[in-house]
Amino acid sequence: MSQTITEKILAAHAGLKNVHPGQLIETRVDLILANDVTAPNAGFASDTNCAVLLYADGRRAVLPLQSKDAMADAILDAVLPLLAANAVV
């Protein structure tokens with residue numbers, strides 16, 4: 001079975017040939033996005049979302065409740081400088 005792009009990226013960064021759902025791996029990441037899909041007015045069944053960005057250097061950025069389009073823009077604003085610095089694949 002072919003792997004998703006996410007699985008391919010995780011496998012490459014973990015030094016593995018393949019990964020599978022549920023597998024625990026260890027790797028370094030540049031950015032983690034955490035969102036509470038149980039928060040009021042956030043998550044899959046809502047038009048809005050909120051999240052926290054956790055950077056490898058210890059920075060933390062709270063993305064308040066906002067439209068999903070605005071959330072996507074905020075995430076890109078965080079990711080693009082990392083890509084420009086070759087910090088992520």
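Determine which member of the set Ala42, Ala12, Ala56 is modelled with pLDDT under 95, under 23 Å from Pro81 (Cα atoms) and touching an Asp or Glu at 6+ places or on another chain (Cβ under 8 Å).
When all the criteria are applied, what remains is Ala56.
I'm trying to understand the selection: among the residues of the stretch 66-89, which are in a helix (DSSP H, G or I) and at pLDDT below 90?
Leu82, Leu83, Ala84
Pick from the stretch 1-51 the residues that are charged (D, E, K, R) and assigned to a loop (DSSP other than H, G, I, E, B): which of them is nearest to Ala70 (Cα to Cα)?
Asp47
Residues checked against (1) surrounded by 15 or more Cβ atoms within 10 Å (Cβ to Cβ); (2) free of Cβ contacts under 8 Å to residues at least 40 places away in the same chain; (3) over 13 Å from the mean Cα position of the chain (by Cα):
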site: Ile9; (1), (2), (3): yes, no, no
site: Ala42; (1), (2), (3): yes, yes, yes
site: Ala45; (1), (2), (3): no, yes, yes
site: Asp57; (1), (2), (3): no, yes, yes
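Regarding Lys17, is this residue surrounded by 12 or more Cβ atoms within 10 Å (Cβ to Cβ) and more than 12 Å from the chain's Cα centre (by Cα)?
no
Filtering the stretch 21-33 down to residues that are modelled with pLDDT of 90 or more and surrounded by 10 or more Cβ atoms within 10 Å (Cβ to Cβ), which residue is nearest to Tyr55 (Cα to Cα)?
This residue is Leu31.
Run down Asp36, Asp47 and say which single residue is over 28 Å from Ala85 (Cα atoms) and out of contact with any Lys or Arg (no Cβ under 7 Å at 6 or more places or on another chain). Steps first, answer last, please.
On the way: Asp47 fails: out of contact with any Lys or Arg (no Cβ under 7 Å at 6 or more places or on another chain).
Being over 28 Å from Ala85 (Cα atoms) and out of contact with any Lys or Arg (no Cβ under 7 Å at 6 or more places or on another chain) holds for just one of Asp36, Asp47, which is Asp36.
The values are calculated or read from the model by the stated rules, or taken from the named source; none is laboratory data. Just so it is clear, the model here is predicted, and its values are computed rather than measured. Using ideal geometry, Cβ is built from the backbone for each residue, glycine included, and neighbour counts are taken over all protein chains shown.
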